[in-house]
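Report on the following structure.
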Amino acid sequence: MQVKEYKPLIVAFCCNWCSYAGADLAGNNRLAYPADVKIIRVPCSCRVNPMFVLRAFQRGADGVIICGCHPGDCHYTSGNYYTRRRMAALFSMLDYLGIEKERTRVEWVSAAEGAKFAATMNDFAEKVAALGENKRLEDLRCKK
Amino acid sequence: MRKCSLDSMNSVFAEIAKAATLYIPADRTDGAAVYTKWEEGVVWSNALNTVRSPKDFFFPQMENLMEFKTQGKNIEIIDTRSETEDFVVFGVRACDVKSFEILDRVFLSEPVDSYYAARRAHGVIISLACTRPSETCFCGTFGINPAEPAGDISVWKTETEVFFRSNTEKGAALMQKLEALTEECTEEAVDAQKEKISAVMKKLPLADLTTEGFGGGKTKELFDNPAWDELSQTCLGCGTCTFVCPTCQCYDIKDFNTGKGVIRYRCWDSCMYSEFTRMAHGNNRNSQKERFRQRFMHKLVYYPENNDGLFSCVGCGRCLAKCPISMNIVKVMKKIGGNNK
Amino acid sequence: MQKITREQLIDKAVSLLENGTVEAVLGWGKGEFDYDVTPAVFKTADELKAGFVWNDFCGANFSKYLVAKTGKIEGKILVFLKPCDTYSFNQLLTEHRFDREKVYAVGIPCEGMADIAKVKAVCGEGISAINCDGEKIAVTTLYDDEPVMVDAKDVLAERCVNCKSKKHVAYDELLGEEGEVVDSARFDEVAKIEAMTPDERFAFWQNELSRCIRCNACRDACPACTCEKCVFDNPNSGVENKAPANSFEEKMFHIIRAFHVAGRCTDCGECSRVCPQNIPLHLLNRKFIKDINEFYGEYQAGAEVGSRAPLVDYTTGDIEPGEVFDRRDKNA
Amino acid sequence: MQRVGVFVCWCGSNIAGTVDVQAVSEALKNEPGVVFSTNYQYMCSQAGQDIIKDAIAEHKLTGIVVCSCSPRMHEATFRKTAAAAGLNPYMVEIANIREQCSWVHKDMLTGTEKAIILGKAAVAKVNLNAPLTPGESPVTKRALVIGGGIAGIQTALDIADAGFPVDIVEKKPTIGGKMAQLDKTFPTLDCAACILTPKMVDVAQNENIRIFSYSEVTEVKGFVGNFDVTIKKHARFVKEDICTGCGACTEKCPMKKVPNEFNLGMDNRSAIYIPFAQAVPKVATIDPNYCNMLKKGKCGLCAKVCAAGAIDYTQKDEYISEKYGAIVVATGFNPISMDKFDEFAYNQSKDVITSLEFERLTNAAGPTAGKLVRPSDGKHPHTIVFVQCVGSRCSACAEKGKEYCSKICCMYTAKHAMLTRDKYPDTEVYVFYIDVRTPGKNFDEFYRRAVEEYGVNYIKGMVGKVTPEGDKLKVQASDLIANKQLHIDADLVVLAAAIEPDKSARPLATMLTASMDTNDFFTEAHPKLRPVESPTAGVFLSGACQGPKDIPETVSQAGAAASKVIGLLAKDKLTGNPCVAHSNELMCNGCSSCERVCPYGAISYEDKEFRMPDRTTKIRRVAVVNPAVCQGCGACTVACPSGAMDLKGFASAQIIAEVDAICK
């Protein structure tokens, strides 16, 4: 059997106004982060439904990160505050079910924080890679 | 008829498990009995019956039918069936044994359901006579004798001994393997127990429940009975009754897109669900009353109409025990039909 | 073991029917066995006298029925509410799920309900009669000559063991004595699971949730789950299925189910009561309640009408999702 | 099924250097729905855009995916391109393969692989796109300004000058607000009345401005461009249009023992009154709490002396409904109550006063005609202690005061101290402060003058206790710099009380569905970029209702709010953002979860009749999103448990499709 190097698959939901712009800035400054990170643009982090997070894990993601404007800076004034509550509750529940807490993260990245974006993604990808493949919230049907 | 001591049953299980996968009722961590794959250490439950019925062995809740793979714009169809292995289900009560006959009439009549048929062909059923029926039992209503369970092999259990009688070729073949562990005895050995059970059967609270007023041809008479409103008024529309029922056989076929291909699978469906038999125009039974009525009309009228008068209920009592609101077929039968006179 | 009697409830219902206050009564209907109780609508005094029951097995929470039932009649419907039911009642009102004007709520005290499974664990199958008498329950079976005496306390339903309130938070009229909010130990079990290692927690829930047969009883009985169309029934939602296809779907169903009622769940315990597979579903809901209490301050859904559920609220200083675990590790 | 075209941009070597663009366009050819796929050097160039336009026409494309730079860069460009070719601009999706791929990955293989995946995600999304059209709504060309202080006045004047009708609603009988009560203004020391009252007159004379004084807003419905507002005009028992403001009634009125709120209760007025000489409108008002005629039916003197016959004891509150396109909130501030600050003996001694009371005491039109005397005995105070930050920056005692800095106190205290020393050089003046904050044009110079030229004693430290003893006020304080305790025998103590939003702001915010912070200051749509707009479209903020402000700052904000209003009213139609939430009423529970998280108040409910399967009808409460107000954040979509609420352009199904494509 061929041994394939394990590469984690990471889905990053980024809000259009801050974090997606932060990711663009990381690109402008050529700040590298693993290609395993794939970004999905949402208007605001509060658009991210827990169902999307679970869906990503089902389909084979090894980590899911949600990035939004810093609290207080939300383009829509309060969206990220809701994100913060929802995801705190959701992630705590996933942990309660024995799913590794390092697989999920919420990070606030502003449009000026290209470096933070890249650093966050490097760190997250590294932590997720250390855990190995997502086995606890996987759907084997999608892995064949 | 052959017998062995109750203590030697573990050896009997071990012997059966040598040639085929054996499932016996065993107590789960939550206290309920379930069919469990036998291996050393699995203890035969004393419970009257399992929470889920043994229909799962032949008609599982979920099964993949086939797969599609797309390559560019081409589609490849893959048959995912693997040869079914031989298996033995031990401890099936008379009511549940009867349920296989009801399922067979659906799945084995033309066009034969090959998935079901393969499992039936590979499965051996060892039934078990009841000793202590519950107040929720009403198998007698459907002419089932819990002291005379059918199946490939019938088993009776007493305080100290276990008796075996093979009924079919498959059963006889299996009994042959147990020759060394069992000894010959006469049929009379279990007579006393049978009598005792018949006496209990008469005392059961539902002993006088009859199927009078139901059966083929009763559709017009029963369909618009005003009692359906009252009976269904607090039904929650969950699928508990259908999923614990040994005779409910409805399923849905769905496609699951894995991203790499499509798995076509079937899974149980429940006529109590709002999405049941949903078609392009929507659902043809829109109210819970209609869905509720469908379930009981099917068991008590439509099925017998198409199957020589055979009712598709075996009186196992699972729905009586598990319905969240305690609404069930007994209440329906008592409210409408002959029992209400 | 109940302090209020069936006769008192019938008298109240009959008088309200007869003086025209209400048009129908939502109550517990007599079944085949003494423990067999079905929620039913009664319209006349005769129906009530013949079929109304009130005993230790009247666990069903009627609040949810008001969503459908209040739309069907012109006048008012009488509903009997145990203390825990009143929280669901308020929560549904907060969410505008029924018309308060169409309901006449009678609060009734509850001493805790019995769990027939626990009774059967003691007496076995074949119960022919159950008589509640003070702190004892006499169970007659087909197989024993003498009734088996069971301590009512020993067969108390799980949710009643951890009763959170004997106080009614909503009613038009109260029968019997008003109780107090109870300082229950209901979070102990959650804390016990939290204290496990992740591997143990995973194994625990894997085992519990693997039993799920997706009968939806937990959802359909839940007074917070009153969606016109549940996402799990909606083929367009992306999560719909009729069977728990595998361990992922088992988990997803229960996570989403609990998440959708998080902050709205009153912890009435119906989900666990109705689960045919004995999955301790309330431990998922309680986890959310415990977290919400710890993160955002004590909140009891349904305690008052119109309160803002914690997940549709925020403060600027809320805990960060990442800090949740730091805090937990610190406390451990 | 869509007919999707894929256009992969090289961006010169920016993309093509790390991504095999040919491989990407080839790979995406096989994706569902894709009927055309190509790549080109610069898609954003005219030639590149022509390729897209031609392909749309030739291949009858219904959707396009451009794999290029960030959508923040060229999404608008390609949307225009699509529109020019007759395709709905919202049928365009961008796969960001530059900033988020070629620029951050070095290896060609990795970059190409990722670019393909991002392209697949965009294709998956565009397959579910639907053409969107921005909604349009008309604009009522009239503005409402709530509050008639300097903020409201300036906003109204600026809007009116641009030619739009404006209504000012003021709850007091006159406009003018706090500024009318002030004596001099810092740092120039010109008199407040001299600069304010001409503006008040301008308001009164401006044909485009209507003043609803002695009135309140009681109901607000509608949305940006289309507000329906109900204004309650309190009965003043004087016919406004007839009263000449001659003042004869106020002189004859026998009930003269009414505390005069304009002078903060330091003197009395009559039951029928005109708040001050330059009031606008200058009409009398009968105070029903004190008027004997209204209370007991006996008197009627004012009616007898009124030559114009303006008195009408039977007048009732009047409700006026009006339509507005924009609403400006200018509800202003009040000093906080000193009741909780027992240590300063405010309630024990008449000679402990607030700074606003000090303003009245030094004002020529005030109760003492501008003579600075002690309220208790009318004597000249020789030692005055000013205490700053009373209730401001009170983070340790939040239940007593406010956590924030009230911003204006440092400057007006310097002004008071300076004026006192100027007029009464024999007076010893002490100012106790935590910090002196003077960030403003000529502010610090002003403060330095107070210290250096006028010899005001500034002492860093807090006053611990004020104890009335005889005719003196014993002030116990600490000097933090000298590190010693001070005991001063003062004649007058002046407290620079913190300011807070007017109490009417909170209920008003509810009516407007405008958000507020925990201090009840209105929140702005963006703290830096949209400081005069409320998050609720069509609602603007002017003055101290948004946060503590001095006059120059208030006036500039008022002008900014006015210009925003003018910009809005100048439009005939409002074009919305088409990516808005919408609710599927068949699935909606009417539970209000979405409404609670909506920052814009875009969601309302209506009772709708549904036909049930059994042919009966059922009335259900369902959510309705106002597309003109919704900004498309999506908070509601997650709050909605049934999934009835979805977001156009970022629909759940679209995001799920992207997730699936990425995780394939």
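For B:Gly315, indicate whether it is of a type outside the set (Ser, Thr, Tyr), farther than 30 Å from C:Gln277 by Cα and in a loop (DSSP other than H, G, I, E, B). No, not satisfied.
Looking at the structure I just gave you, is A:Tyr76 away from chain C (no Cβ under 11 Å) and either in contact with a Leu (Cβ under 8 Å, 6 or more places away or on another chain) or at pLDDT below 95 (or both)? Judged against the criteria, A:Tyr76 is a match.
Before we move on, is B:Lys331 in the same structural domain as B:Phe223 (by TED's automatic domain parsing), over 24 Å from B:Arg52 (Cβ atoms) and in a helix (DSSP H, G or I)?
So B:Lys331 fails the test.
Quickly run through the range C:32-47 and pick out the residues that are under 27 Å from C:Ile137 (Cβ atoms) and without any contact (Cβ under 8 Å) to a residue 60 or more places away in the chain. Within the range C:32-47, C:Glu32, C:Asp36, C:Val37, C:Thr38, C:Pro39, C:Ala40, C:Phe42 meet the criteria. Looking at D:Lys474, D:Lys415, just one residue is at pLDDT 95 or above and more than 26 Å from D:Gly543 (Cα to Cα), and that residue is D:Lys474.
The residue that is nearest to the other protein chains (Cβ to nearest Cβ), counting only those in the range D:526-557 that are over 8 Å from the mean Cα position of the chain (by Cα) and modelled with pLDDT under 90, is D:Pro535.
Before we move on, is B:Cys185 at negative phi, within 13 Å of another protein chain (Cβ to nearest Cβ) and in contact (Cβ under 8 Å) with a residue 24 or more places away in the chain? Give the steps one after another, and end with the answer.
Values: at negative phi: yes; within 13 Å of another protein chain (Cβ to nearest Cβ): no; in contact (Cβ under 8 Å) with a residue 24 or more places away in the chain: yes.
In short, no.
Taking the range D:382-408 as the range and being of a type outside the set (Gly, Ala, Ser) and assigned to a loop (DSSP other than H, G, I, E, B) as the test, the residues that pass are D:His382, D:Arg393, D:Cys394, D:Glu399, D:Lys400, D:Lys402, D:Glu403, D:Tyr404, D:Cys405, D:Lys407, D:Ile408.
Scanning the range C:197-216 for residues that are without any contact (Cβ under 8 Å) to a residue 24 or more places away in the chain and within 8 Å of chain A (Cβ to nearest Cβ) yields C:Pro198, C:Asp199, C:Glu200, C:Arg201, C:Phe202, C:Ala203, C:Phe204.
At least 2 residues being within 30 Å of D:Gly378 (Cα to Cα) is the threshold, and among the strands (runs of 3 or more DSSP E) wholly inside the range D:462-532 those reaching it are D:463-469, D:472-479, D:484-490, D:492-497.
The range D:1-98 holds strands (runs of 3 or more DSSP E) entirely within its bounds, and those carrying 3 or more residues that are more than 14 Å from chain B (Cβ to nearest Cβ) and within 40 Å of the chain's Cα centre (by Cα) map to D:92-96.
Residue by residue, here is whether (1) surrounded by fewer than 23 Cβ atoms within 10 Å (Cβ to Cβ); (2) basic (Lys, Arg); (3) assigned by TED's automatic domain parsing to the domain that holds C:Phe62 holds:
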position: C:Arg264; (1), (2), (3): no, yes, no
position: C:Cys275; (1), (2), (3): no, no, no
position: C:Asn278; (1), (2), (3): yes, no, no
position: C:Glu298; (1), (2), (3): yes, no, no
position: C:Ala303; (1), (2), (3): yes, no, no
position: C:Gly306; (1), (2), (3): yes, no, no
position: C:Leu311; (1), (2), (3): no, no, no
position: C:Gly322; (1), (2), (3): yes, no, no
position: C:Asp326; (1), (2), (3): yes, no, no
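Here C:Asp291 does not fit the description of being touching a residue at least 60 places away in the same chain (Cβ under 8 Å) and of a type in the set (Asp, Glu).
Checked against (1) touching a Phe, Trp or Tyr at 6+ places or on another chain (Cβ under 8 Å); (2) outside any loop (DSSP other than H, G, I, E, B), B:Arg285 passes all but condition (2).
Quick check: anything in the range D:409-418 more than 26 Å from the chain's Cα centre (by Cα), in a loop (DSSP other than H, G, I, E, B) and surrounded by 17 or more Cβ atoms within 10 Å (Cβ to Cβ)? For the range D:409-418, residues more than 26 Å from the chain's Cα centre (by Cα), in a loop (DSSP other than H, G, I, E, B) and surrounded by 17 or more Cβ atoms within 10 Å (Cβ to Cβ): absent. Pairs linking a residue in the range B:325-339 that is away from chain C (no Cβ under 12 Å) to a residue that is polar (S, T, N, Q), with Cβ atoms under 6 Å and 6 or more positions apart or on different chains, are B:Ile336/B:Asn225; B:Gly338/B:Thr210. Taking the conditions (1) within 9 Å of chain C (Cβ to nearest Cβ); (2) more than 24 Å from C:Glu208 (Cβ to Cβ); (3) in contact (Cβ under 8 Å) with a residue 12 or more places away in the chain in turn, A:Asp139 satisfies each one other than (2). Residues in the range C:15-55 that are of a type in the set (Ser, Thr, Tyr), within 13 Å of chain B (Cβ to nearest Cβ) and more than 21 Å from C:Cys110 (Cα to Cα): C:Thr44 alone.
For (1) within 7 Å of chain D (Cβ to nearest Cβ); (2) surrounded by 24 or more Cβ atoms within 10 Å (Cβ to Cβ), each residue gets a yes or a no:
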{"residue": "A:Ala12", "(1), (2)": "no, yes"}
{"residue": "A:Cys15", "(1), (2)": "no, yes"}
{"residue": "A:Ala23", "(1), (2)": "yes, yes"}
{"residue": "A:Ala26", "(1), (2)": "yes, yes"}
{"residue": "A:Asn29", "(1), (2)": "no, no"}
{"residue": "A:Asp36", "(1), (2)": "no, no"}
{"residue": "A:Cys44", "(1), (2)": "yes, yes"}
{"residue": "A:Val53", "(1), (2)": "no, yes"}
{"residue": "A:Ala61", "(1), (2)": "yes, yes"}
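Count, please, the residues in the range C:240-257 that happen to be more than 7 Å from every other protein chain (Cβ to nearest Cβ) and not in a loop (DSSP other than H, G, I, E, B). Summing the residues that are more than 7 Å from every other protein chain (Cβ to nearest Cβ) and not in a loop (DSSP other than H, G, I, E, B) in the range C:240-257 gives 6.
Given the criteria of a type outside the set (D, E, K, R) and touching a helix residue (DSSP H, G or I) at 6+ places or on another chain (Cβ under 9 Å), does B:Pro60 qualify? Here the answer is yes, as B:Pro60 does meet what is asked. Just wondering, is there one or more residues in the range A:58-69 that are farther than 30 Å from C:Pro310 by Cα and either in contact with an Asp or Glu (Cβ under 8 Å, 6 or more places away or on another chain) or among the aromatic types (Phe, Trp, Tyr) (or both)? Looking for residues that are farther than 30 Å from C:Pro310 by Cα and either in contact with an Asp or Glu (Cβ under 8 Å, 6 or more places away or on another chain) or among the aromatic types (Phe, Trp, Tyr) (or both), one finds at least one in the range A:58-69, hence yes.
Results for (1) in the same structural domain as D:Lys199 (by TED's automatic domain parsing); (2) touching a Cys at 6+ places or on another chain (Cβ under 6 Å), shown as yes or no for each residue.
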position: D:Lys257; (1), (2): no, no
position: D:Asn263; (1), (2): no, no
position: D:Met266; (1), (2): no, no
position: D:Ile272; (1), (2): no, yes
position: D:Gln278; (1), (2): no, no
position: D:Lys282; (1), (2): no, no
position: D:Cys302; (1), (2): no, yes
position: D:Ala310; (1), (2): no, yes
position: D:Lys323; (1), (2): yes, no
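Could you list, in sequence order, all residues of the range B:217-250 that are of a type in the set (Ser, Thr, Tyr), buried (at least 19 other Cβ atoms within 10 Å of the Cβ) and either in a helix (DSSP H, G or I) or in contact with a Phe, Trp or Tyr (Cβ under 7 Å, 6 or more places away or on another chain) (or both)? Within the range B:217-250, B:Ser232, B:Thr234, B:Thr240, B:Thr242 qualify. Every condition in (1) surrounded by 22 or more Cβ atoms within 10 Å (Cβ to Cβ); (2) aromatic (Phe, Trp, Tyr); (3) farther than 21 Å from B:Ile325 by Cβ holds for C:Tyr143 except the one numbered (1).
Suppose the filter is surrounded by 14 or more Cβ atoms within 10 Å (Cβ to Cβ), assigned by TED's automatic domain parsing to the domain that holds B:Ile126 and within 29 Å of B:Asn257 (Cβ to Cβ); does B:Phe90 pass it? Judged against the criteria, B:Phe90 is not a match. Consider C:Tyr314 carefully, then state whether it is hydroxyl-bearing (Ser, Thr, Tyr), under 25 Å from D:Ala651 (Cα atoms) and away from chain B (no Cβ under 11 Å). So C:Tyr314 passes the test.
The values are calculated or read from the model by the stated rules, or taken from the named source; none is laboratory data. Remember, it's a predicted structure, so these values are computed and weren't measured experimentally. Neighbour counts are summed over all protein chains in view; Cβ atoms, including those assigned to glycine, are modelled from backbone coordinates with ideal geometry.
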